[in-house]
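Below is one structure, written out as structure tokens; comments come after it.
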Amino acid sequence: MDKEKYLDRIKYSGKSKPNLDLLKKLQKQHLLNVPFENLDIHYNIPIELNINRIYKKIVLNNRGGFCYELNGLFFELLLALNFEAKRISARVYSQEKGYGEEFDHFAIIVKIDGEEYLSDVGFGDFTFEPLKIDIGKIQNDECGTYLIDKYDEKYFRVNKVENGKITPEYIFQKEKKDFNDYQEMCKYHQTSPDSHFTQKRLISLPTTNGRITITGNKLKITESGSTTESEIKNEIEFRQHLRNLFNIIE
């Protein structure tokens, strides 16, 4: 992996001393420039937990990916920049089904000056900055308000706070994981009809004042609190949006 090309891909230039300021900048730049997307699943292209293949896809071919790819590669960048980091397993919350299986989601814990931070560039609509694992403390950034609390003896929980309402995002453990540990759930999310990734194609990218998302054949653009939605008529129009809105050339 060429870390300089990776930094160019996320449009980061500057100091590379492994501190909290750098982690914040890297996470935000990654989110603003690398979309969360599941297009390979709908192109019937297998997604493998192979860092060289993921690097080629995201950095060299200017694509995005889902959590195993995005956080998998970001983790390698953090190590290359001498951060103290570890892969962790998380279980995503849904109102209908509760929490998913172990390894449902891949996230990262980074330790800086004795403090632990949850870093995540692979969850879609999430915080621009890493969250300090500080139980019960409200944390704010440009993307919203968050709270980490204890779920039970084993798990920590990430919550989003909106208008006084607390909504779970996912639960996680701090135990260090290996990349191959996510293999079974990575395959499940590509192949199972019960996975939301197989049901509709999705590509989403935050902007500095909103978000651009394609779900199925619907384009949704939010800008400064105002949202517009439109129907994508055909594949030609879909590919035009990929090129013009996400800089993806198929």
Seminar exercise, completed: Within the range 156-177, the residues that are under 20 Å from Cys67 (Cα atoms) and free of Cβ contacts under 8 Å to residues at least 40 places away in the same chain are Phe156, Arg157, Asn159, Lys160
For this session: Scan the range 154-171 for residues that are touching a Ser or Thr at 6+ places or on another chain (Cβ under 8 Å) and closer than 11 Å to Tyr93 by Cα and jot them down.
Result: Asn159
Exercise. Residue check: is Phe197 touching a His at 6+ places or on another chain (Cβ under 9 Å), surrounded by 15 or more Cβ atoms within 10 Å (Cβ to Cβ) and closer than 29 Å to Arg91 by Cβ?
Worked result: yes
Exercise. So which residues in the range 12-24 are surrounded by 11 or more Cβ atoms within 10 Å (Cβ to Cβ) and among the basic types (Lys, Arg), if there are any at all?
Worked result: Lys24
Exercise. Within the range 47-68, can you find the residues that are among the charged types (D, E, K, R) and in contact with a strand residue (DSSP E or B) (Cβ under 9 Å, 6 or more places away or on another chain)?
Worked result: Lys57, Arg63
Problem set entry | Condition check for Lys11: modelled with pLDDT under 95, basic (Lys, Arg) and assigned to a loop (DSSP other than H, G, I, E, B) | no
Exercise. If you go through the range 111-125 one residue at a time, do you hit one that is surrounded by fewer than 19 Cβ atoms within 10 Å (Cβ to Cβ), without any contact (Cβ under 8 Å) to a residue 40 or more places away in the chain and hydrophobic (A, V, I, L, M, F, W, C)?
Worked result: no
Exercise. Of the residues in the range 93-108, how many are surrounded by fewer than 20 Cβ atoms within 10 Å (Cβ to Cβ) and of a type in the set (A, V, I, L, M)?
Worked result: 0
For this session: Among what's in the range 25-59 and is under 21 Å from Thr208 (Cβ atoms) and of a type in the set (S, T, N, Q), pick the residue that is surrounded by the most Cβ atoms within 10 Å (Cβ to Cβ).
Result: Gln27
Seminar exercise, completed: The correct count of residues that are hydroxyl-bearing (Ser, Thr, Tyr) and surrounded by fewer than 18 Cβ atoms within 10 Å (Cβ to Cβ) in the range 200-222 is 4
Problem set entry | Among the candidates Ile248, Ile214, residue that is in contact with a Lys or Arg (Cβ under 8 Å, 6 or more places away or on another chain) and modelled with pLDDT of 95 or more | Ile214
Problem set entry | Residues that are in contact (Cβ under 8 Å) with a residue 40 or more places away in the chain and either in a strand (DSSP E or B) or out of contact with any Ser or Thr (no Cβ under 9 Å at 6 or more places or on another chain) (or both), drawn from the range 17-30 | Pro18, Asn19, Leu20, Lys24, Lys28, His30
Problem set entry | Residues of the range 26-44 classified as closer than 17 Å to Lys5 by Cα and more than 15 Å from the chain's Cα centre (by Cα), total | 0
Problem set entry | Restricting the range 223-250 to residues that are surrounded by 12 or more Cβ atoms within 10 Å (Cβ to Cβ) and of a type in the set (A, V, I, L, M, F, W, C), the residue that is nearest to the chain's Cα centre (by Cα) | Phe246
Exercise. On the given criteria, is Asp181 modelled with pLDDT under 95, of a type in the set (Asp, Glu), within 20 Å of Phe66 (Cβ to Cβ) and out of contact with any Cys (no Cβ under 6 Å at 6 or more places or on another chain)?
Worked result: no
For this session: Determine which member of the set Tyr6, Tyr43, Tyr55 is free of Cβ contacts under 8 Å to residues at least 12 places away in the same chain and among the aromatic types (Phe, Trp, Tyr).
Result: Tyr43
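The values are calculated or read from the model by the stated rules, or taken from the named source; none is laboratory data. Bear in mind that the values here come from a model prediction, so they are computed numbers and not experimental data. With ideal geometry, Cβ positions are generated from the backbone for all residues, glycine too; neighbour counts draw on all protein chains shown.
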